[in-house]
Amino acid sequence: MAFVDELSFHMKAGRGGDGVVRWLHEKFKEWGGPAGGNGGNGGDIYARAVRDTWLLAKYRHVTEFSAENGAPGEGRSKHGKNGEDLYIDMPVGSIIKNRQTGDVYRLDEPGQEILLLKGGRGGLGNEHFKASTNVSPKQSTKGKPPEEADFDIEVEIIASAGLIGLPNAGKSSLLNALTRAEAKVGNYQFTTLEPNLGDLYGHILADIPGLIEGASEGKGLGHKFLRHIRRTKMLLHCISLENESLEDTYNVVRSELEAFDPELAKKEEVLIITKSDIAGLPDAEKRVKAIKAWKDRKVFIVSVYDLDAMKKFSTSLVKMLE
C-alpha cells in the first residue's frame, strides 16, 4: 500500500432534526393537547488515533465526511433519534488543521479521541411551548445547522530513530539488515520515494528519503519528509564511505536539518559509516582513520554483508534506544 501522509477533507456534522406539531388523540377525546416531540441532535465528528501509519491511504479518494442527521420529532411527545457520531480513524502522529478556524489538533496516543465538529441541536416540538397562557401551541422550530469545515491532515511518523543522509547513502539497505523491512534498494539516487518503517525489537526505525543540499528550501525529495524525524528519539546519520570528504558530507545534511528546524540539530545522533565493504576504494583506510578521530561523536562503521558485525551493531543500537 502506498504511503500517504497528507490529505484534505471537507467534514460536515449532522443537522438537528426538526421539531413537529402534533396533537394527542385519545378515545373520546379527539383533541387532547399538544404532543409534538423535539427533533434529535445531529451526530458529532471525532478524530480517533490508531496505530496504523499507512491508514490515510484508505482515504485517498474520499473528499467529504458527514455525520448522521438527527431525526424529526414524532407524535405522542416522542423525541427524534439522535444522529450517530462519526469517528474517523487516523494514524498516531496526525496533525489536523481546521482551515476555517485555524485550530490545530494532534493525535499522540492510540485511542485518543478529539471532537472536530459539533452536530446541530434538534428543533423543539409544539409540546415544548405549552403553557397556561398557550394551551394549544402551534409553533415548532427547525433543527439547527451543524458545524462544517475543511481540514488538512498531515502525519508525522513517531519512530524511535530516523535514518537520515544523502541519497544512496545505504539507509534502506541498513534498515533491511536490521529489521527485515524489505525496503526497495537500488544503486541510484532517490530509490526511496516515501518513508520506510522497520521494527527492531519493538523500536520503530524510519528510513527518510535522501536529503540534498537545499532540501530545507524544497529541493529534492527529502524536504517533504523532514517533519517525520521531528518526533524521533535519535537520528541515525548514514554516510557512505564512497564520499571523498566524509566531514563535508556530514555538514551538508546537518546544515539542512538546522535550516528546517533548529530543534532537529539537538537530537541525539549516531554516525553510521556505510558501504565499508566496497573493494578497491581509493584512500578508504585513510578515510576510516579520519572518522575514528571524531572522538566527540558516536561512530559505527558497518557493512550489511558482515552478519557478525551487524549483529553487534544491532545489539548496541537497541541498548541506546532503551
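The values are calculated or read from the model by the stated rules, or taken from the named source; none is laboratory data. Please read these numbers as outputs of a predicted model, since none were measured by experiment. Cβ placement follows ideal geometry from the backbone for every residue including glycine, while neighbour counts extend to all protein chains displayed. Side chains included, ligands, DNA and RNA excluded: accessible areas come from the protein's heavy atoms. Shrake-Rupley method; radii C 1.70, N 1.55, O 1.52, S 1.80 Å.
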- Item | Entries in K97/K266; K233/K275; K233/K298 that, when Cα-Cα distance is taken, lie over 20 Å | K97/K266; K233/K275
- Note on the structure: Expressed in angstrom and rounded, the centroid-to-centroid distance over alpha carbons for segment 93-142 and segment 19-85 is 11 Å
- Within the under-11-Å Cβ sphere about N126, not counting N126, Lys/Arg +1 and Asp/Glu -1 give a net charge of +2
- Report the label-to-label distance for S132 and R48 in nanometres (one decimal), using points 7 Å from each Cα along the Cα→Cβ vector. 5.0 nm
- Note on the structure: Any residue on another chain or 5+ positions along whose placed amide H is under 5 Å from the amide H of I301 is listed here as I273
- Note on the structure: Residue by residue through segment 155-172, the couplings from Karplus 6.51 cos²θ - 1.76 cosθ + 1.60 with θ = phi - 60°, in Hz, x for Gly and Pro, are 10, 9, 5, 9, 10, 6, 8, x, 8, 10, x, 5, x, 6, 8, x, 5, 5
- Take every Cα pair under 8 Å in segment 13-118 that's 6+ residues apart, average their separations, divide by the length, and report that relative contact order as a whole percent. 34 percent
- Item | Burial order of peptide ranges 149-158, 94-103 (average beta-carbon count within 10 Å, highest first) | 149-158, 94-103
- Total charge of the residues flanking G111 in space, meaning their Cβ is under 10 Å from its Cβ, with Lys and Arg +1 and Asp and Glu -1, is 0
- Rounded accessible area of H10 (nearest 10 Å², 1.4 Å probe): 50 Å²
- Query: If you count, for each residue, the other Cβ atoms within 10 Å and average over each peptide, how do 309-315, 15-21, 86-92, 130-136 line up from highest to lowest?
  - Reply: 15-21, 86-92, 309-315, 130-136
